[in-house]
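J.: Questions regarding the structure given below will be posed in turn.
The values are calculated or read from the model by the stated rules, or taken from the named source; none is laboratory data. Just so you know, these numbers come straight off a predicted model, no measurement behind them. Don't worry about glycine lacking a Cβ; one is built from the backbone with ideal geometry, like all the others, and counts go over all protein chains shown. Ligands, DNA and RNA are excluded from the accessible area calculation, which covers all protein heavy atoms including side chains. Shrake-Rupley method; radii C 1.70, N 1.55, O 1.52, S 1.80 Å.
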Amino acid sequence: MSQPQPASAPLAPLHAPLEISFDYTRSLGPTLSEFVTALAGRRILGAKASDGRVHAPPFEYDPVTGAPPAELVEVGPAGIIVSWTWTDRPMDGQPLDHPFGWALIRLDGADTALLHAVDAGSAEHMRTGLRVRPRWAAERSRSGITDIACFEPEPPAEPAEPRPPQPPAGPAKPAEPAGPAEPVTMITTPVRLSYDHTVSPGESSYLLALAQGRLIGQRCPACGKVYLPPRGACPVDGVPTQDEVELPDTGIVTTFCVVNVPFTGQRVPTPYVAASVLIDGADIAIQHLILGCPPAEVRMGMRVRAVWKPREEWAIGAHNIDHFEPTGAPDAPYDSFAHHL
């Protein structure tokens, strides 16, 4: 029979799935702009280096001289696999939703290799030296390398059959434009990271206390600093911070910024104030919203109090505090919080 666990036994750390996502937008510059514009036109360019080698994708600065490429040349589009690995369980957001290979591919006419997905059907069909060709995306998204959906094995060449004499050809048809009329100068790439986040035992106590409408910090036994949220160890003395300290939900604004620029997923209309709030009795400020007054009235030293969400909306998390608002009490003198900035 198992022994009962003492009441003082540490709690199992909390964990939860989290996702971080944002759109990364960058300007391309002259070299990558020409490379991405060519991809939108279903062409692949490489850069000729000072030593005569052709780099694909093209470099922005010569690895030998540091100068921009003097010439971009068309390569491929087919090539050979230099090295590869196999992905049995593709992750969300990867190029293909079924098993595929990642490969370094040296395109015809290039001396370096580029990384891309290869849809070979199975790992048995992948090999070093395999000739592959690009499978272009169904729509030209002008988004860069994703205009190539993936690479696929190049079918073996069939022997040419003799053809009977042909009559003279008529006037040649004009060629279709090789690429878009306008160059691609900016691309936006969605970035997403999904993971399971596990917090420390001290943070678990802090989050469980928030579910009860309480703020819990931990004190360093050496220097006496109180950390909120708890860190498990004092970064100054390197000793465990095991003594829990219950703190009030009042504090002062130490520093702040006024947010005027809207963004995707925004909950509060602009302008609003994001501030560092030093909870009374703590030595580290937390980040939160300041509402309940015009942004122009927020100031350093202003005393604030937490505004909790309705109890029926409480969960295990810092979002139980909806925001902070002014208490109306006199401002704290600067010297009282100057060393907490």
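J.: In the chain, carbon and sulfur make up what percent of the accessible area (probe 1.4 Å)?
T.: Here it works out to 55 percent.
J.: Per residue of segment 67-74, in order, report the coupling 6.51 cos²θ - 1.76 cosθ + 1.60 (Karplus, θ = phi - 60°) as ³J(HN,Hα) in whole Hz, putting x for Gly and Pro.
T.: Working through the residues one at a time gives 8, x, x, 7, 8, 9, 10, 7 Hz.
J.: Moving on. Please go through segment 215-276 and write out the chymotrypsin sites (Phe, Trp or Tyr not before Pro) that DSSP classes as loop and that have at most 13 other C-beta atoms within 10 Å.
T.: 263
J.: Could you order the peptides 191-201, 235-245, 45-55 from most to least packed, using the average number of other C-beta atoms within 10 Å per residue?
T.: Output ranking for 191-201, 235-245, 45-55: 45-55, 235-245, 191-201.
J.: Would you mind calculating the relative contact order of segment 33-107 from Cα pairs under 8 angstrom and at least 6 residues apart, reporting the percent as a whole number?
T.: 24 percent
J.: What is the mean projected area of the alpha carbon convex hull for segment 184-321, to one decimal in square nanometres?
T.: Orientation-averaged projected area of the Cα hull: 11.6 nm².
J.: Once you charge only the Cβ atoms, +1 for Lys and Arg and -1 for Asp and Glu, what is the size of the charge dipole of segment 1-118 about its Cα centre, to the nearest 20 debye?
T.: Rounded to the nearest 20 debye, it is 120 debye.
J.: State the Kirkwood hydrodynamic radius of the chain in Å, one decimal place, computed from all pairs of distinct Cα atoms.
T.: 26.2 Å is the Kirkwood radius here.
J.: Right, next: Give me the Kirkwood hydrodynamic radius of segment 193-237, using the inverse of the mean 1/r over all pairs of distinct Cα atoms, in Å to one decimal.
T.: Every distinct Cα pair counted, the radius reaches 11.5 Å.
J.: Can you compute the modelled spin-label distance between residue 96 and residue 50, with each label point 7 Å from Cα toward Cβ, in nm?
T.: 4.1 nm
J.: Let me ask you something else. In nm, give the distance between the simple-model label positions of residue 186 and residue 268, each being 7 Å from the Cα along the Cα-to-Cβ direction.
T.: Here the answer is 2.8 nm between the modelled labels.
J.: Also, I was wondering about something else. Nothing charged except the Cβ atoms of Lys and Arg (+1) and of Asp and Glu (-1): what's the magnitude of the dipole of segment 283-336 about its Cα centre? Round to the nearest 20 debye.
T.: 80 debye
J.: Rounded to the nearest 20 Debye, what is the dipole magnitude of the chain about its Cα centre when Lys and Arg each give +1 and Asp and Glu each give -1 at the C-beta?
T.: 280 debye
J.: May I ask which residue of 279, 16, 195 lies farthest towards the positive end of the charge dipole of the chain, with charges of +1 (Lys, Arg) and -1 (Asp, Glu) on Cβ and the Cα centre as origin?
T.: 195
J.: Also: At 7 Å along Cα-to-Cβ for each site, give me the label-to-label distance between residue 243 and residue 61 in nm.
T.: 5.3 nm
J.: Give, in nm to one decimal, the length gained when the segment between residue 311 and residue 214 is fully stretched (0.36 nm per residue of separation minus the Cα-Cα distance).
T.: Contour length minus the Cα-Cα distance gives 33.7 nm.
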